[in-house]
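The values are calculated or read from the model by the stated rules, or taken from the named source; none is laboratory data. Everything numeric in this text was worked out from a predicted model, so none of it was measured. Methodologically, a virtual Cβ is constructed for each residue, glycine included, from the backbone with ideal geometry; neighbour enumeration extends over all protein chains shown. Protein only, heavy atoms only, side chains kept; ligands, DNA and RNA dropped before computing areas. Shrake-Rupley method; radii C 1.70, N 1.55, O 1.52, S 1.80 Å.
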Amino acid sequence: MEHIVLSGIKPTGQLQLGNYIGALRNFSKYQDENKVFIFIADLHALTLPIDPEVLYNNTRDIIAFYLACGLDPNKATIFLQSQVPAHAELGTILGNFAYMGEMSRMTQFKEKSSKLNEKSIGLGLFTYPVLMAADILLYNAETVPVGEDQKQHVELCRDLALRFNHRYGDIFTIPTPVISKVGARIMSLSDPTKKMSKSEPKGDIFLKDDLAVIRKKIMSAVTDMGSEVKYDKENKPGISNLLTIYSCLKDITIEEAEKEFVSYRYGDFKKAVADVVCDTIGRLQEKYNEILASGIIDEVIAKGAIEASKIANETVSRVKKAVGLYGTK
Ligand code: AMP
Ligand code: TRP
């Protein structure tokens, strides 16, 4: 059955392998059988200080990688959040239905704000999940594939939509977060107790890294005591992370990967992981370079903005009417 599927990525840094495994590689799988909206959450990138040029370049890069990963602008709507003003509009309206208490409990807000001086915590960082809820509700999304860390935000979106519907009738579709069982949390290679993240480059594999650098990073990945290649998150976080990466990229189960390496030493196992990672990223980089050279990015963005606006504006109009504002349609 066709579903409406939506997801997005914040252009705050260089894409890393965790983004690919936890998000990008799954997006194109949906597009043949569903109505798919994939966007860049560029307004969200402003919630922490970011250099304008870096933001601009990251945005282009992510569009190019979306296409390199197989997203097809003729099948999916690919767009920039900031080019569809309805996101800001719905975000403003929804803000009135979100409570300070529930917003203060958002793990990501607590984590990110704890690193800042209290006087310099932007309001946007606090209201971030409300804008994210608007992103989802505008397109009547049913399925929202995200990494584990975003589950709480999608749940807040559900709560807001239910609260709104309870008061105004059946306005919003209630979304469900979908988290892939394996690969939802790829860990850093230098500290496998920490998530691989585009904002903390140490121990990360970036999609734009030179292949020789990637190989080196994998070969020097932190491993664990013992010598068996076995999945054990508690006692062998490093090996478990590498097994996860390997099985995701090979599209096999962890158990199948374990069997494959039953008589391997860590060094040979790492070499096999490096081979598959370099093979995958090498192919992505080739396509990425072709896409940048073809100059189609602006066209894709313009097409996406028109398609997305049409649906998003319909939702905003419905919401405006429901709350007693003048809808435009
Ligand atoms: P972010 O880089 O936090 O903007 O995340 C973009 C998407 O990639 C979200 O769906 C994340 O949950 C996912 N993601 C980010 N880092 C990882 C990781 N280390 N492992 C798996 N998924 C990730
Ligand atoms: N908050 C998400 C992240 O940091 C990005 C995002 C913004 C998103 N809006 C969304 C993801 C809507 C899914 C649906 O990764």
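Based on what the data block shows, is Tyr20 open to solvent by 20 Å² or more (accessible area, probe 1.4 Å) and within 16 Å of ligand 2 (Cβ to nearest atom)?
It is true that Tyr20 is open to solvent by 20 Å² or more (accessible area, probe 1.4 Å) and within 16 Å of ligand 2 (Cβ to nearest atom).
Looking at (1) surrounded by fewer than 18 Cβ atoms within 10 Å (Cβ to Cβ); (2) at pLDDT 95 or above; (3) not in a helix (DSSP H, G or I), find the lone condition where Tyr139 falls short.
So the condition that Tyr139 fails would be (1).
For the subset of region 231-251 comprising residues that are open to solvent by 30 Å² or more (accessible area, probe 1.4 Å) and within 20 Å of Ala23 (Cβ to Cβ), which member is nearest to the chain's Cα centre (by Cα)?
Among those residues, the one meeting the criterion is Leu249.
I'd like the full set of residues that are surrounded by fewer than 17 Cβ atoms within 10 Å (Cβ to Cβ) and closer than 21 Å to Asp209 by Cβ, limited to region 277-317.
Result: Asp279, Gly282, Arg283, Glu286, Lys287, Asn289, Glu290, Leu292, Ala293.
Got a sec? Which of Thr193, Thr173, Thr143 is farther than 26 Å from Lys250 by Cα and either touching an Asp or Glu at 6+ places or on another chain (Cβ under 8 Å) or within 16 Å of ligand 1 (Cβ to nearest atom) (or both)?
Thr173
When region 262-276 is examined, which residues are found to be buried (at least 18 other Cβ atoms within 10 Å of the Cβ) and either touching a residue at least 40 places away in the same chain (Cβ under 8 Å) or outside any helix (DSSP H, G or I) (or both)?
Tyr266, Phe269, Lys270, Val273, Ala274
Residues Cys157, Cys69: which one is in contact with a Lys or Arg (Cβ under 8 Å, 6 or more places away or on another chain) and either within 16 Å of ligand 1 (Cβ to nearest atom) or among the acidic types (Asp, Glu) (or both)?
Matching residue, one of Cys157, Cys69: Cys69.
Would you say Asp149 is of a type in the set (Asp, Glu) and either open to solvent by less than 30 Å² (accessible area, probe 1.4 Å) or more than 29 Å from Ser28 (Cβ to Cβ) (or both)?
So Asp149 fails the test.
Of the residues Ile179, Ile205, only one is within 28 Å of Gln108 (Cβ to Cβ), at pLDDT below 95, outside the structural domain of Gly282 (by TED's automatic domain parsing) and of a type outside the set (Gly, Ala, Ser); which?
After applying the criteria, what remains is Ile179.
Look through region 1-23, keep the residues that are in a strand (DSSP E or B) and within 12 Å of ligand 1 (Cβ to nearest atom), and return whichever of them is farthest from Met196 (Cα to Cα).
Leu6
Could you tell me how many of the residues in region 34-54 are open to solvent by less than 10 Å² (accessible area, probe 1.4 Å) and of a type in the set (Val, Ile, Thr)?
3
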